[in-house]
Amino acid sequence: MLPRFAVAVTALCLVTQALSQTTARDGGSAANAGAVSRPTARDGGSAPVAGASLGPADPDTIDVIGVTPLGSGIDANRLPSNAQTATAEQIREQGALDLSDFMRRNLSSVFVNEAQSNPLQPDLQFRGFVGSPVLGLPQGLAVYQDGVRINEPFGDTVNWALIPESAIDRVTLLPGASPLFGLNALGGAIAIDTKNGFTNPGTRAEILAGSFGRVEAQVETGGAMSDRLSWFVTASHFDEDGWRDYSPSRANQLFANLGLVDDTSTVDVSLTYADTDLIGNGAAPEDLLEIDRGAIFTRPDQTRNELVMFAVTGSSKLSDTLSLTGNLYVRSSDIRTLNGDNSDFAECENTPGFLCEGGNGGEQVLLDENGDAIEENDELEGATLNRSSTKQNTGGFGLQAAWHTGRGEIALGLAHDRSEVEFASSTELGSLDATRFAVPGGVFVGDALTGLDASTDNTGVYATATFGLTDALTLTLSGRYNRTEVDLEDHLGDELNGNHTFERFNPAIGLTAKLGGDLAFYASYSEANRAPSPVELTCADEGDPCRLPNAFVADPPLKQVVAKTFEAGFRGGWSGGRWHAGLFHTVNEDDILFVSAGELTNEGFFDNVGETRRQGLELSLAGEGERLQWFVNYTALDATFREEFEVASPNNPAADDGVIPVEPGDRLPLVPKSLLKGGMSVALGERLRLGGDVIASSGAPFRGDEGNLVEELDGYALLNLRLQYRLGAHAEVFLNLDNVLDEQYATFGVFGNAKDVLGDDFDAPQFVSPGSPRAAWLGVRMQF
């Protein structure tokens, strides 16, 4: 894919050169383009930000209206929740790898499970709700880029590697079950605003290199041809060998924007392209990692992504009180996976000479794609190569009308999108070589072949109103009706055929009160729903678990998940600082969980497990002085099951006949009880700046230990440092040091069986994904 990426970058550079020449002929320049006043929801200026280079920003206004941030800005102090924002400068100064890494280091209640052990494939969690690229997790965060929902339609997954980090102008994390952000916003919504030539004129470049053979490069350029036309282009490249064995990764991203404005209207046309080849070899037995921290279990675990997205966003002020905003987009993604796993197929005991599969009904002779029995062969034992191809095409639009009154705003909106998915998967038998690489044997398991078409139609109609009841009291009312239709067509039979419709109206109400000075109180109640995704609807049979993401079976339909959130808190500030203290309480009804089953670590099924609850306390402090900036965030999180049930977890050492009980009050897997973050940045003279941050997390139960029956993952604390030295007006060098104390830790754990692959000495069932060791990167930034 690199040649195509290089051609695209070259073509855009030629366009940029032509635009620059045109600008020069018009008498304009990138320097004075920044002076153009471009109408945006944030116009009107913002107060100085406390902790501007490390903590979350605190702007005067936050775009929160609509299915995405399509509409007018609202005073952040009038929001009945603990919204967090960050700017492009903060992300850059933090030295974060990408958006998910920045959120992990800085934002309250955000943590990461590194299930894949790949820096670009994290399972990001907020208040115990996950946004992950991995099929099989109960996705609970909605993510938007310029008004476009970028959760993948097949499994509602979030591919963080496809978000162009160098194109981000600002990101907003809105907590709670907000109905305005549509499906999947059970725990919150992440809204990304991208750059344009008016807001980001000039040219910037950055390159770094260091540990793990990592090389990163970013370049961006933008400006305006006149006071009505702007352009912006950015590209990035990431390449590394990885710190674990056989774990290289590569990612290329490209983003371009063309902006048009007049006295009353704006139009932005954008193109996003991404191409990645990621190796995430995931969890390995603890016994093996004690010998070699960089070792892997089986390989390869490869994911290739290619994305193209074209979007048009516009706004128009029709009068002093009425404005319209809207967007239109098409998005196409192609995801291909190859997972080399150990095998649960072995020579039959009752029919020697053939391969068999064990099950509740006894052993069953394995058949190939032609229906013939598969003979026992050393080249077909010990490994499986599980492949999948997911082609997803989505198109949609959003339209909103907003009326501004003397004391508030009323908005009505409509959003619709349609997705077409072509999914295919297979399981090939093979063997493991000396490096535990899965060598293909050329024979495919017949029952594992899957060919599925899925189409999804999502429609949302919403309304919201914000009223200033008094100068100190603000009331917010919102509601949204969601309708989702999922059609499934089985290409290899009719077992997966189905049509499912889910509908719901979600309300919300919030109140904010100024109590004097900078002190304010807020409280809110909100609801949101998530319809089961196609991947969940086709993998929900306890008696026939799926090997994600590669096999699906005919199943009973699942119920949609409904989240109900109460949130309340106080916030305030002082000269050069701010603080927040809040409580949140979210109950998920009919929550969907991927339940581990079978002998393999990625085998299981989806099921409604009743109520789950996530509640907790959030505290934050941030300050800014002439030379010192700092922040501290603390979260106490109680995430538990609220109903009694049983799940299969055959590798759990506490299981009884392969089953473990779950009782009300048992903690959700992989969610810590407490999370502490802190950071500071201090100027040591005119040119030198030293910064650092700390992340400390308590332990968490293993996946597959929903009953909390065995010892959990250990807690950990990480120290990261940054050093910046300005060479002059246009350049600086920087040094990023991660995990300075070389902490050995793990953020993800699951149970498995290693003895068949590694021998009887490796009998511990705990598999973990180790965190990366101490690392250093040296780089340079330039700005013109």
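The values are calculated or read from the model by the stated rules, or taken from the named source; none is laboratory data. Source: prediction; values computed, not measured. Neighbour counts are summed over all protein chains in view; Cβ atoms, including those assigned to glycine, are modelled from backbone coordinates with ideal geometry. Protein only, heavy atoms only, side chains kept; ligands, DNA and RNA dropped before computing areas. Shrake-Rupley method; radii C 1.70, N 1.55, O 1.52, S 1.80 Å.
With an 8 Å Cα cut-off and a minimum separation of 6 or more residues, compute the relative contact order for the chain in percent.
Across the chain, relative contact order equals 11 percent.
Run the simple label-point estimate for residue 721 and residue 663 please: 7 Å along Cα→C-beta, distance reported in nm.
Calculated label separation equals 4.8 nm.
In the P(r) worked out for segment 249-312, what percent of Cα pairs fall beyond 14 Å?
Working: 1401 of 2016 pairs.
So the portion of pairs separated by more than 14 Å is 69 percent.
Could you please tell me the mean projected area of the C-alpha convex hull for segment 127-217, averaged over all directions and given in square nanometres to one decimal?
7.8
Near residue 564, which lysines are there with a Cα under 30 Å away, not counting those fewer than 8 places off in the same chain?
Filter leaves 514, 673, 677.
Just the number, please: carbon plus sulfur as a percent of the accessible area of segment 98-140, 1.4 Å probe, no ligands or DNA/RNA counted.
Carbon and sulfur: 51 percent of the exposed surface of segment 98-140.
Quick one: if you stick a label point 7 Å off each Cα along the C-beta vector at residue 310 and residue 228, how many nm between them?
A separation of 2.4 nm, rounded to one decimal place.
Which residue, 444, 427, 472, has the largest displacement toward the positive end of the dipole of segment 404-475 when charges sit on each Cβ (Lys, Arg +1; Asp, Glu -1)?
472
Assuming 0.36 nm per residue, please report the length gained on full extension of the stretch residue 780 to residue 499 beyond their Cα-Cα distance.
Full-extension gain reported as 95.7 nm.
For residue 349 and residue 740, what does the FRET efficiency come to when R0 = 51 Å and r is the distance between their Cβ atoms, rounded to the nearest 0.05?
Working from the Cβ atoms, E equals 0.40.
Sorted by average packing, counted as other Cβ atoms within 10 angstrom per residue and highest first, what order do 377-384, 724-731 take?
So the peptides 377-384, 724-731, ranked by packing, come out 377-384, 724-731.
Report, in debye and to the nearest 20, how large the dipole of segment 264-388 comes out about its Cα centre when Lys and Arg carry +1 and Asp and Glu carry -1 on their Cβ.
With Lys and Arg at +1 and Asp and Glu at -1, about 1460 debye.
Largest first and in whole Å, what are the equivalent-ellipsoid semi-axes of the chain based on the Cα gyration tensor, each being the root of 5 times an eigenvalue?
Three semi-axes, in Å: 43, 29, 27.
For segment 648-784, what is the convex hull volume of the alpha-carbon atoms per residue, in Å³?
Residue-normalised Cα hull volume stands at 153 Å³.
Please give the calculated 222 nm ellipticity per residue for the chain, where each DSSP H segment of at least 4 residues contributes -39500 (n - 2.57) and the sum is spread over every residue; nearest 500 deg cm²/dmol? Please list the in-between numbers first.
Working: 7 runs with 58 residues, N = 784.
Mean residue ellipticity at 222 nm (helix-derived): -2000 deg cm²/dmol.
Based solely on C-alpha atoms, express the radius of gyration and the Dmax of segment 382-483 in angstrom.
Spelled out, the Cα radius of gyration and Dmax of segment 382-483 are 25.7, 74 Å.
Using the C-alpha atoms of segment 564-723, what convex hull volume per residue, in cubic angstrom, is computed?
Working: hull volume 19.6 nm³, N = 160.
Once divided by residue count, the hull of segment 564-723 is 122 Å³.
For segment 631-676, report the translational diffusion coefficient in µm²/s to the nearest whole number, using Stokes-Einstein at 20 °C, 1.002 mPa s, and a Kirkwood Rh over Cα pairs.
The diffusion coefficient I find is 173 µm²/s.
May I ask which residue of 659, 675, 699 lies farthest towards the positive end of the charge dipole of segment 653-784, with charges of +1 (Lys, Arg) and -1 (Asp, Glu) on Cβ and the Cα centre as origin?
675
Once the Cα atoms of helix 2-26 and of the chain are each reduced to a long axis, what angle between those two axes, in degrees from 0 to 90 to the nearest 10, is obtained?
Long axis of 2-26 versus the principal axis of the chain: about 10 degrees.
Ranked highest first by the average count of other Cβ atoms within 10 Å around their residues, in what order do 265-273, 206-214, 187-195 fall? Let's see the in-between values first.
Values: 265-273: 19.2, 206-214: 16.8, 187-195: 26.3.
So the order, starting with the most tightly packed, is 187-195, 265-273, 206-214.
Quick one, what does Rg over Rh come out to for segment 319-394 if you take C-alpha atoms and the Kirkwood Rh?
Result for segment 319-394 is an Rg/Rh of 1.46.
Rounded to a whole number, what is D in µm²/s for segment 356-417 from Stokes-Einstein with the Kirkwood radius over alpha-carbon pairs (37 °C, 0.692 mPa s)?
Here the translational diffusion coefficient equals 180 µm²/s.
To the nearest 20 Debye, how big is the dipole of the chain about its Cα centre, given +1 on the beta carbon of each Lys and Arg and -1 on that of each Asp and Glu?
5160
Would you mind working out the magnitude of the charge dipole of segment 392-549 relative to its Cα centre, with +1 at each Lys and Arg C-beta and -1 at each Asp and Glu C-beta, to the nearest 20 Debye?
Value, rounded to 20: 1120 debye.
Among 777, 175, 576, whose Cα lies farthest out toward the positive end of the dipole of the chain, if unit charges sit on the beta carbon of Lys, Arg (+1) and Asp, Glu (-1)?
576
Give me the Å³ per residue figure for the convex hull around the C-alpha atoms of segment 672-749.
Values: hull volume 7.7 nm³, N = 78.
Value for segment 672-749: 98 Å³ per residue.
If you line up the Cα atoms of segment 467-524 on their principal axes, what length do they span on each, largest first, in Å?
That works out to 68, 18, 11 Å along the principal axes.
Within 10 Å, count the other beta carbons around each residue, average over each peptide in 166-177, 87-98, and list them highest first.
So the peptides 166-177, 87-98, ranked by packing, come out 166-177, 87-98.
Based on the alpha carbon coordinates of segment 88-128, what radius of gyration and maximum Cα-Cα distance (Dmax) apply, in Å?
Answer for segment 88-128, Rg first and Dmax second: 10.2, 29 Å.
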